[in-house]
1. What whole-number value in Å² describes the accessible area per residue of the chain for a 1.4 Å probe?
2. Need the C-alpha centroid separation for the range 8-52 versus the range 114-130, integer Å.
3. Run the numbers for V19 and E100: contour at 0.36 nm per residue of separation, minus the present Cα-Cα distance, in nm.
4. Check the chain and count each lysine pair with an alpha-carbon distance under 27 angstrom, considering only pairs eight or more places apart or from different chains.
5. Can you give the convex hull volume per residue for the Cα atoms of the range 27-97, as a whole number of Å³?
6. Among I75, I11, I83, which one shows the highest mean-square fluctuation when the chain is modelled as a Gaussian network with alpha-carbon springs under 10 Å?
Amino acid sequence: MENEKWIQQAILARDTAYVPYSKFKVGACLVTTDDQMYTGCNIENASYGLSNCAERTAIFKAVSTGERTFKHLVITGDTDGPIAPCGACRQVIAEFCSPEMPVTLCNLKGDIKITTVAELLPYAFTNKDL
């Protein structure tokens with residue numbers, strides 16, 4: 001199953017997280033419509049506001065190489081239930097991914113929740129609002 005491969009990539013990305021302050025590692029795997037995978041991890045900074053989440057790292061990495069069409073995002077972390085993205089990440093996800101795109105939220109225990117971009121951020125502020 002493709003989703004399993006993507007989850008494993010997110011877990012591997014999590015292992016590369018730079019989290020000396022929170023110790024809270026997160027990994028993400030963003031998949032393009034032509035099946036390219038872009039992974040990301042969270043990267044902290046002593047000035048906390050300058051930190052970057054795994055989801056945004058993966059999206060920015062893909063977008064910076066010219067990618068613009070995505071079909072799936074997986075996010076994983078060591079949480080009790082499936083991990084959820086923060087509000088800033090939800091807004092960035094909504095900017096670059098279609099509302100109906102699936103998003104898999106999971107944890108290291110194997111709990112999985114599949115949702116969509118629209119379910120993560122209903123009433124998203126988009127370019128249509130400008």
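1. Accessible area per residue: 54 Å².
2. The two parts, judged by their Cα centres, are 22 Å apart.
3. 26.0 nm
4. Summing the qualifying lysine pairs gives 19.
5. About 91 Å³ per residue, rounded to a whole number.
6. Sorting by GNM fluctuation, first place goes to I83.
The values are calculated or read from the model by the stated rules, or taken from the named source; none is laboratory data. Since the structure is predicted, the reported quantities are computational estimates derived from the model, not experimental observations. Protein only, heavy atoms only, side chains kept; ligands, DNA and RNA dropped before computing areas. Shrake-Rupley method; radii C 1.70, N 1.55, O 1.52, S 1.80 Å.
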